[in-house]
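Participant: Okay, here's the structure, questions in a sec.
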Amino acid sequence: MENVFDYEDIQLIPSKCIVSSRSECDTSVSLGKHTFNLPVVPANMQTIVDESLARKLAENNYFYVMHRFEPEKRLDFVREMKKAGLISSISVGIKDEEYDFLDTLKKENMVPDYMTIDIAHGHSDAVLNMLRYIKKELPETFVIAGNVGTPEAVRELENAGADATKVGIGPGKVCITKMKTGFGTGGWQLAAVRWCSKAATKPVIADGGIRTHGDIAKSIRFGASMVMVGSLFAGHEESPGDTKEVDGTLYKEYFGSASEFQKGEKKNVEGKKIVVEHKGNIKDTLTEMEQDLQSAISYAGGRDIEGLRHVDYVIVKNSIFNGDRI
Ligand SMILES: NC(=O)C1=CN([C@@H]2O[C@H](COP(=O)(O)OP(=O)(O)OC[C@H]3O[C@@H](n4cnc5c(N)ncnc54)[C@H](OP(=O)(O)O)[C@@H]3O)[C@@H](O)[C@H]2O)C=CC1
Ligand SMILES: Nc1nc2c(ncn2[C@@H]2O[C@H](COP(=O)(O)O)[C@@H](O)[C@H]2O)c(=O)[nH]1
């Protein structure tokens, strides 16, 4: 593939503004039957989301995907969310016991609104089989399948029934797949999003590598309908995970779902653990993200997310930060 680039290599070019205030710009996005405030979803990782934060996000009309690392809690979680009239959105793997879990969901009439098949290498028969099984047994569920990094994979997942695909293998902050295996979209994630989106007929979720709020607008420009974000959501008051104080500064942990820490063993480790400085309340970050995206839409000369899709851009290789750091 020619012409690869990543988020830091791209600058979007402004078009004439058509709003009189950034607050007029609408950042909402539809996915399946629901419309959410932002085209952003916190990563389905154990140090990013838990039941309590998922509920808070749903109550405030943000999309969420609950992780799959405490599998026994999922049925009750779906039940509670349904009882509260909130959207239910969970993750599944592909092992045999997951098929039993799907049968239980069906038997108990607890069909989640959204299900994400969460596997490192989503272009596999195991994922295709799981996808077909969900579509057959729980056809009302909106299924997000991933993760993948090629147009072939997107097409194959869509043909098997995926309602959306998730793109990103190895660009994550706590990911070490690129070093351990030599594979992935790390370093060219934005180009991979474009490549995959061109083949997609359904929404693409760009997953991993988002380092600034401007990267959200860039993902949309290059074809994503939504972005999944881990590190930018790590370290908040509501984030699960231990808080530590070092020399008077508070930190919270953020670990990879394929880290030794998550797996409890040193087998096929493709993730690491880091600490991030405590960032305060997640509500403030969501508000800032919304304002920054409203501003991006206004620079695009639009009024809503669609306005970002066709703006011009330049490739300025590795130079947009000009030595600056956020
Ligand atoms: N987006 C990304 O870049 C990555 C994300 N992750 C995250 O880490 C978590 C754990 O992922 P994962 O290891 O898939 O989940 P699991 O450990 O639950 O593995 C699921 C199944 O898929 C098999 N499997 C996993 N990777 C491969 C592969 N490369 N080739 C063949 N079979 C494979 C596993 O078998 P076996 O273990 O025996 O091979 C296992 O049976 C997930 O949340 C995932 O999203 C992990 C790596 C990359
Ligand atoms: N290769 C790995 N990728 C992982 C692991 N755990 C999670 N992830 C992926 O990272 C994104 C979040 O990326 P960020 O840049 O926003 O922090 C997440 O959604 C997963 O797709 C892992 O252990 N290894």
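Since every read-out is calculated from the coordinates, none of them should be taken as a lab result. Predicted model only: the values in this text are computed from it and were never measured. Cβ: placed from backbone, ideal geometry, glycine included. Neighbour counts: every protein chain shown.
Participant: Which of Cys175, Thr141, Trp188 sits farthest toward the positive end of the charge dipole of segment 89-243, with +1 on the Cβ of Lys and Arg and -1 on the Cβ of Asp and Glu?
Facilitator: The residue sitting farthest along the positive end of the dipole is Trp188.
Participant: Further, regarding this structure: Which of Pro139, Pro42, Pro151 ends up with the largest GNM mean-square fluctuation for the chain, with Cα atoms connected below 10 Å?
Facilitator: Its mean-square fluctuation being the largest, the pick is Pro139.
Participant: Among Val269, Val316, Val229, which one moves the most in a GNM of the chain with springs linking Cα atoms closer than 10 Å?
Facilitator: Largest GNM mean-square fluctuation: Val316.
Participant: Let me ask something else about it. Would you work out the charge dipole size for segment 21-65 about its Cα centre, treating the Cβ of every Lys and Arg as +1 and the Cβ of every Asp and Glu as -1, and quote it to the nearest 20 debye?
Facilitator: Approximately 40 debye in magnitude.
Participant: Can you give the alpha-carbon Rg of the chain over 2.2 N^0.38 Å, where N counts its residues? Present the calculation step by step, with values, prior to reporting the outcome.
Facilitator: On the way: Rg = 19.1 Å, N = 326, 2.2 N^0.38 = 19.8 Å.
For the chain, the normalised Cα radius of gyration comes out at 0.96.
Participant: Ok, one more. Can you spot the aspartates and glutamates whose alpha carbon is less than 16 Å from Lys33's alpha carbon? Ignore those fewer than 8 places along the same chain.
Facilitator: Filter leaves Asp113, Glu140, Asp163.
Participant: I've got another one for you. Listing Val78, Val4, Val174 from the residue with the fewest other Cβ atoms within 10 Å to the one with the most, what is the order?
Facilitator: Val4, Val78, Val174
Participant: Give, as a single signed number, the net charge of other residues whose beta carbon lies under 14 Å from the beta carbon of Leu75, with Lys and Arg counted +1 and Asp and Glu -1.
Facilitator: On the way: positive: Arg68, Lys73, Arg74, Arg79, Lys82, Lys83, Lys106, Lys107; negative: Glu51, Glu70, Glu72, Asp76, Glu80, Glu97, Glu98, Asp100, Asp103, Glu108.
Here the charged neighbours net out to -2.
Participant: Springs between alpha-carbon pairs under 10 angstrom, Gaussian network model over the chain: which of Glu245, Glu306, Glu270 fluctuates most?
Facilitator: Highest fluctuation among the options: Glu245.
Participant: Taking the Cα centre as origin and putting +1 on Lys and Arg beta-carbons and -1 on Asp and Glu beta-carbons, what dipole magnitude results for the chain, to the nearest 20 debye?
Facilitator: 500
Participant: Hey, another quick one. Tell me, Glu288, Glu260 in order of fewest to most beta-carbon neighbours within 10 Å?
Facilitator: Ordered from fewest to most neighbouring Cβ atoms within 10 Å, Glu288, Glu260 come out as Glu288, Glu260.
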